[in-house]
Structures are given as structure tokens and as C-alpha cells.
Amino acid sequence: MMNKILTIMWKDVRVLFGDWATVALIIAGPLVLALGLGLVTGGFGADDGLAISRIPVLVVDQDGGPIATALRDVLTSDDLSDLLAPEALADADAARARVADGEAAAAIIIPPGFSDSFLPDAMTGDMPAAVAAQVVADPGAPIGAAVVRGIVEEFTARVATSVAGVRLGLTQLATSGAVPPSELAAVGQQLGEGAFGDTTNAAAASLIRIDRQSVTTTGGDDFNALAYFAPSMALLFLMYAVTLGARTLLAERREGTLPRMLAAPVSAGQVLGGKVGGIFLGGFMQLSALILLTTLLFQLNWGNPLIVLLLVVAAALAATGWGLLIAAAAANAGQVTSLGMAVTLLFGILGGSFVPLENAWPALDALSRITPNRWALDGFTALASGETAAVLMPVAALLVMAVVLFAVAALIFRRRQGALLTA
Amino acid sequence: MTPPILTAKDLRKKFGDFEAVKGISFSVLRGEIFSLLGPNGAGKTTTINMLSCLLPPTSGTAEIAGHAIPGDTLAVRRAIGVVPQEIALYDSLSARQNLEFWGRLYDMRGQELTQRIDEVLDQVGLADRAKDKVKTFSGGMKRRINIAAGLLHKPQLLFMDEPTVGIDPQSRRRILDMVRELRDGGMTVLYTTHYMEEAEELSDRVGIIDQGRLIALGTQAELTRVVGEQETLRLHLAEEAGVALAGVNGTAGAPATMSADGSVALFSGLPGVLRASAVDHQIVVNVADAGAALPAVVGRANTAGLHVRSVDIEQPNLEAVFLHLTGRGLRD
Ligand SMILES: Nc1ncnc2c1ncn2[C@@H]1O[C@H](COP(=O)(O)OP(=O)(O)OP(=O)(O)O)[C@@H](O)[C@H]1O
Ligand SMILES: [Mg+2]
């Protein structure tokens, strides 16, 4: 029973990904577009007229250690002054409240123990448990929040790399016998302090200089715009991928493969189940591939993998629902393509795939909620800002959307089933 | 006598007001090749679609391998293999991937499926192209994979709907040989065609179908007996028959005209001439005795100015039967 459905699903995925032109379009297309749009709009505060006002960000330093200070210095540096408008705050809850009120795009909360967590244990050389700086993001300002998050991540990664260097040095010293084990602790302490003990220290100063550069060039510009455009382009092309899938529903009838399936010992339900499953699986794989690729190629952080998976499933289901509705409404395969293209673009614009519209026109904001793009993008933004709980609403909305669309499409298909299933 | 594997009883199919199949009854015996011979639009595909459970009959019933239509359609579909008239394959998949897919739908898997795919690929002579995408195949090669997909599960009864349409002579030859091999291997084949030669070459028995009705049924010998002792003169012309006739002069009793159904009046009144009709570049003249009628027929053609390139004398064949029964050629 299930076997035949899976057979048909798998066949559809093979057909979809067996055509290199299609793969180029639905996988390379969004990658290139996300990069391109990231570069174009990434010029934030620069002289190119696209000026976006400086991103208001609150900084709560509960640590006070050397690395926390270094991070604060980076945020207030000249290099970032066009981009960020940082403000120091003592109270984390007050900072959260202000972000929730939309007064700041994000708050960076540096918890106690942040600096120490980067320093290896002087005796063993082992790393203590990580204490991450927390970025509280305003979902209403996805780009600003993504930029702040990117800066903090880049900074943390830099420091961690330097620490790894120190550790490696220690291990080498110990194994080569250059330093007797009894003195290892003292040398480690020295090395650690050499790197991070004092912000005025030459070594630390150079680290931070590098940081400023990397943050303002890759970090501040295209890199974080990419964090917005990667999901938005992936979702835009998800709608296109399901359109291609939905098209096969009618194309297979015309080309006789659908009737041929029905002449085999397979029920009409299994054939439809397999086709719908195939549309879903194609969309799911396309979205997953893009997430994997951007993670590998651009070190983009999508957030908790399990929740990303949940969101991808929900988004692919909702998109499949739209694909089915389009196929149900279209008279032939050609119409599915043209209708699907129109819906893909419309949803892309409404759902904020090109520019976030929600602040521009409240009416459009409401309308954008019929698109899977908008909900999924909200979900991905929340996830990337580490706000796992905020993903539940988009996931629920996408699932409800899927159920409703499946039901409506099923009703229409039932009415024209005779025409659909027989040649 | 061998028992029938298929029995159709008064099958009818209406599309709206139009009745495409108007009550067809016949049996196919186990182990035979049975051909449904008829011109375009005769209702061959509609009949096959009803028998393969794709179209519910408007009325009438059938029984295949002991299972009823309508009713036991799942068991029927397990017993039959279908080679559709239109090539139904996935262009962007390889030949093997296509066969894997269709095999799985017939509950085949694993080693069994792989072996069977190798076998049928050998059988259709495309083992060396197994890995290539079907879109890179010629029409004849696609037709052969289309057939292979219907053979995978070794059906008791195989429906082949015009499997040689639009392909080169070599592929056609190969397919016809294969159909006979399948029959010799124990499979029963229900074959449809509008090529008289194919039906003659392959069939153990033939049903002639026209405008939704089965107008004759039997072995070739039985059918040609219908025509009596008739023989056929086939005049080969340099041009399409209609064009050639338009350019010549007939007589009052025998005008050089061709009616809509293809019958030709030019030879009317000659002794022994029963009827004549135009088919492609030929005029087919049914006569009681070919030797006796030949001089007069050729003489009339010459007088009229019809340029005849050559004349064949033929013993009764299915074309003549069709002509006899309908007054039309098969390929008009
Ligand atoms: N789905 C349909 N709806 C309406 N009319 C149909 C349908 N299918 C077939 N017909 C009509 O029924 C008649 C028989 O068609 P069918 O396809 O069975 O003929 P055929 O003998 O297979 O012809 P061919 O040699 O061209 O394949 C034709 O007049 C055709 O136009
Ligand atoms: Mg047909």
C-alpha cells in the first residue's frame, strides 16, 4: 500500500532532479539571487542612497571581562558607527522590554562568565562550557537583527579561533617536551593573558582590528543581508518547485503515464497520494538542499536543526497545498506553469522575498499572511535570532494553511476526477 | 478447444451523445494472438481502455482470467499487461529507471526485478542503452521500451495497442517478431492495428472493427471466405489516386470520379468487376477472376489516360474483406 505511494513519490523526485536545467533553476537560482540581492542591498549606510538608518542595538554587559569589553569596543568602533547605534544598558530585562516594544532592533546580552568561557583551563588545557552572548531580536526588524547577530557571531568565532591557537600551542609545547609538565600551567596562564589579558595588549589590539575589518566588510554588508535573502529566495523558489511538481499532475495525464499507472494494480488513491507526496518531497528536498548549501558555503546559521526541519516540513506542506490548488484550478499543464509563475512572484513580493513589506503597508501585511513565504520567513528569522519559541506560531499557521488548501483542492479534484484520472 | 482468457459481452461506450463503441462481443483464446483490425477512430483504443479498467463501460461486461469487469478490476489489472498506443514513459529517466518504476507498480522488487529488467531489455534489444535517458531514444526505441514496460510482470494477457505506429521498418520487423515470440512463450496477446499486413502476418484470429462495431471475426481463412472466390487487382499509380482521377476523362456510364468513401466508378460495367476503391497511390479493384478481368481493366485505364505503373494480382486478403464489408479501404 505505502510502497506504491513511495514508489510514485520517488519517481517524481527523480524526474524533478534528473533534469539539470531544473536543478540549476531551483537550487543555483536562489543561491545566486540571494548573493546578488545581498550585495546590492548590503551597502546599508554607505553613500549609495540606499541608506538605511543606523540599527539601534542595546548592549548589556553582565560580564565585565576582557572579551566582553573587546566586543563592546567592536560595537562602538568607528568602522561600525555608520551601521550601528549602540546603547549600553545595565538591566537585561529592561533591554528585552525595549526590543519587544520595537525601540531597538536587537539587544546583546553578555552573561557573566562570557570572557572566562573562552579561556582554556590553565591546568588541563580543556575548554570550559560555552557561555554565549545572547542576541534578542525584534522580529519586526529582521535585517537589523540579522546584522547584529552576524557581528556577534563573527566576533565570537574570531575569538574562538585564536583560543584554539593558544591551545594548540600548549599541547605542542607539552608533547614536544619543551616545557616540563610542572610548568605547563604557568605557561598557559601567560599565553592566555598574553592574548586576552588586557585590551591594551598588542596582541589583543590586533585581534580586534582584524575583527573590525571583518565585521564591516563581510560581516556588516552582504553577509548579513544574505541571512535575510537566503531564506526569502529559498521560499520564492520553493513555490516554483511545487509549481513544477503540480504541473506533472496534468502533464502525466496528457502524456499517458497517469492512465498507465492506473492500468497497473494501483488504486486511484495511491496514485494521487504518490503524486501529492512527490510534490511535497520535491519542495522539501529543494529547501533542505538550499539550507545545507548556504550553511556549508556561507557559514549561514539557520538555528536549531530540528526546529529548522520542522519549519521546512511545514513550509513545504503549505506550498504543496498551493501547488495542488493551482493544478486543480488549471485546465492543462501549460496553465499550471503560467498560473504557478504568477503566484510564485506574487507570493514572493507579498511575503517579503524581495523587501520586507510589513512595515510599509499594514493592509499588505495582512494579505501577506495567505502566503507560505511570509510565515516561513518569519519562522526562519525568529530561528536565526535564536528565538525558538517564536517559531511555533509560523509552523502552526503553515500547517493550518496546508490542511485547508489540501481540503479545497481535494474537493475540486473530486468534482473533476473523471477527467483527471482517465485519458 | 482452448478456453477463452477474455470474453467481452456487448461492451458499449458513450462519450456524451457519441457512442464510440456500439456493443462489441468477442473472446480471446488462451495462447493466441488476436488482432482487432480497424481504421482510425474505429474504437480500438476505447475497447482496450474498457478491458484494461481505465474506462468504465457504459454497458456490457467482460471477464478476464476469471475476473469480472466491472467488479474485480484489481485482479484484472494484475493479470494483464498494457502497452498503450501513445508512448507512456518518463523522458528524463533512463530506460532502466523507467522499467524499475513500472515493475514496482506490479509488486516486483529487488533481485527479481533487476533480473527481469535485464531479460526484457535483452528481449527488445536495448540492453546496451539501459542507462541512457529515454529522451535520447529514437521513436522505434521508445516504442520498444514502451513494450518492455508492459512485459515486466509476465502478464497472462498482453494488450498491445498499435505498437508499431510511426516507426522505421527495422523496429517494426523486430516488434512483430517479438510478438510472435511472446505468443510462442505462452503469452496471450490482444493486438490492435490498422495495418492489414500486420494482422495477416501475426494473427491466429482477427476481429474487424469499424465505427464502433465488430463487423467480422474469425481466422484469416474464415474471413476471406466471406469475400467468396474474389480476387484483387491492385493498380499502382504515379500519383495519389484522387489526384490521378481528377486528371483523366471517364465515360458517361463510368465517370472518373471518386466518392467520399473512396469508391471509384471508372471501372463500373466491365465484366467481372465487383467494385473498385482508392487507397493512397493505388486503386484496388475487386474482381471475380483476375486473369479474365485484367485486360479490360487495364484497357479502361489506358483509354481514360490513367497512368498505371504496375498491376498486382492478389488472392483474397483482409483488405478485400474490409472493402467487401464496408465499401471502403482501410487507410482512407
Ligand atoms: N475521451 C473521449 N471523449 C470523446 N470522444 C472520444 C474519446 N475517446 C475517443 N473518442 C472518440 O471515439 C472514437 C473511437 O476512438 P478510439 O481512440 O477508440 O479509436 P481507435 O480505433 O483507437 O483509433 P486510432 O487508430 O486513431 O487510434 C473516435 O471517434 C474518438 O474521437
Ligand atoms: Mg487507438
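The values are calculated or read from the model by the stated rules, or taken from the named source; none is laboratory data. Remember, it's a predicted structure, so these values are computed and weren't measured experimentally. Note that each Cβ is placed from the backbone with ideal geometry, even for glycine, and that neighbours are counted across all protein chains shown. Ligands, DNA and RNA are stripped out before the accessible areas are found, and what is left, the full protein with its side chains, is counted by its heavy atoms. Shrake-Rupley method; radii C 1.70, N 1.55, O 1.52, S 1.80 Å.
Annotations
- Scanning region B:175-193 for residues that are crowded, with 18+ Cβ neighbours inside 10 Å and more than 20 Å from B:Thr219 (Cβ to Cβ), we see that the one that is nearest to ligand 2 (Cβ to nearest atom) is B:Ile175.
- Filter result for the condition that a residue is open to solvent by 20 Å² or more (accessible area, probe 1.4 Å), under 20 Å from B:Trp102 (Cα atoms) and part of a helix (DSSP H, G or I), over A:Leu297, A:Leu272, A:Leu293: A:Leu272
- Filtering region B:91-109 to residues that are in contact with a Ser or Thr (Cβ under 8 Å, 6 or more places away or on another chain) and either more than 7 Å from chain A (Cβ to nearest Cβ) or of a type in the set (D, E, K, R) (or both) leaves only B:Arg104.
- Residue match in region A:198-219 (condition: at pLDDT 55 or above and not in a loop (DSSP other than H, G, I, E, B)): no
- Being touching a strand residue (DSSP E or B) at 6+ places or on another chain (Cβ under 9 Å), surrounded by fewer than 23 Cβ atoms within 10 Å (Cβ to Cβ) and farther than 19 Å from B:Ser203 by Cα is a condition met by no residue of region B:25-32.
- Total residues in region B:13-43, condition within 12 Å of ligand 1 (Cβ to nearest atom), away from chain A (no Cβ under 14 Å) and not in a loop (DSSP other than H, G, I, E, B): 7
- Test result for B:Val21, crowded, with 24+ Cβ neighbours inside 10 Å, at pLDDT below 95 and away from ligand 2 (no atom under 16 Å from the Cβ): no
- Scanning region B:49-59 for residues that are over 11 Å from B:Ile24 (Cβ atoms) and either at the interface with another protein chain (Cβ under 10 Å from one of its Cβ atoms) or not polar (S, T, N, Q) (or both) yields a total of 6.
- Meets criteria (within 9 Å of chain A (Cβ to nearest Cβ), under 24 Å from the mean Cα position of the chain (by Cα) and in contact (Cβ under 8 Å) with a residue 24 or more places away in the chain) for B:Ala79: no
- Those residues of region A:85-105 which are of a type in the set (D, E, K, R) and open to solvent by less than 70 Å² (accessible area, probe 1.4 Å), in sequence order: A:Arg98
- One residue stands out in region B:154-173 among those that are surrounded by fewer than 18 Cβ atoms within 10 Å (Cβ to Cβ) and among the charged types (D, E, K, R): the one that is farthest from ligand 1 (Cβ to nearest atom), namely B:Lys154.
- Residues of region B:44-69 satisfying the condition of being out of contact with any strand residue (DSSP E or B) (no Cβ under 8 Å at 6 or more places or on another chain) and away from ligand 1 (no atom under 15 Å from the Cβ): B:Gly66, B:His67
- Taking each residue of region A:62-78 that is over 20 Å from A:Ala95 (Cβ atoms) and looking for partners that are open to solvent by less than 10 Å² (accessible area, probe 1.4 Å) and polar (S, T, N, Q) with beta-carbon atoms closer than 7 Å, six or more apart or interchain, yields A:Pro66/A:Ser115.
- Going through (1) within 14 Å of chain A (Cβ to nearest Cβ); (2) not in a helix (DSSP H, G or I) one by one, B:Ala62 falls short only on (1).
- Restricting region B:70-105 to residues that are open to solvent by 40 Å² or more (accessible area, probe 1.4 Å) and within 16 Å of ligand 1 (Cβ to nearest atom) leaves a set whose member that is nearest to B:Thr47 (Cα to Cα) is B:Gln85.
This table checks each residue for (1) among the hydroxyl-bearing types (Ser, Thr, Tyr); (2) open to solvent by 40 Å² or more (accessible area, probe 1.4 Å).
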residue: B:Asp204; (1), (2): no, yes
residue: B:Gly212; (1), (2): no, no
residue: B:Ala216; (1), (2): no, no
residue: B:Leu223; (1), (2): no, no
residue: B:Thr232; (1), (2): yes, no
residue: B:Ala244; (1), (2): no, no
residue: B:Gly247; (1), (2): no, yes
residue: B:Ser268; (1), (2): yes, yes
residue: B:Ala276; (1), (2): no, no
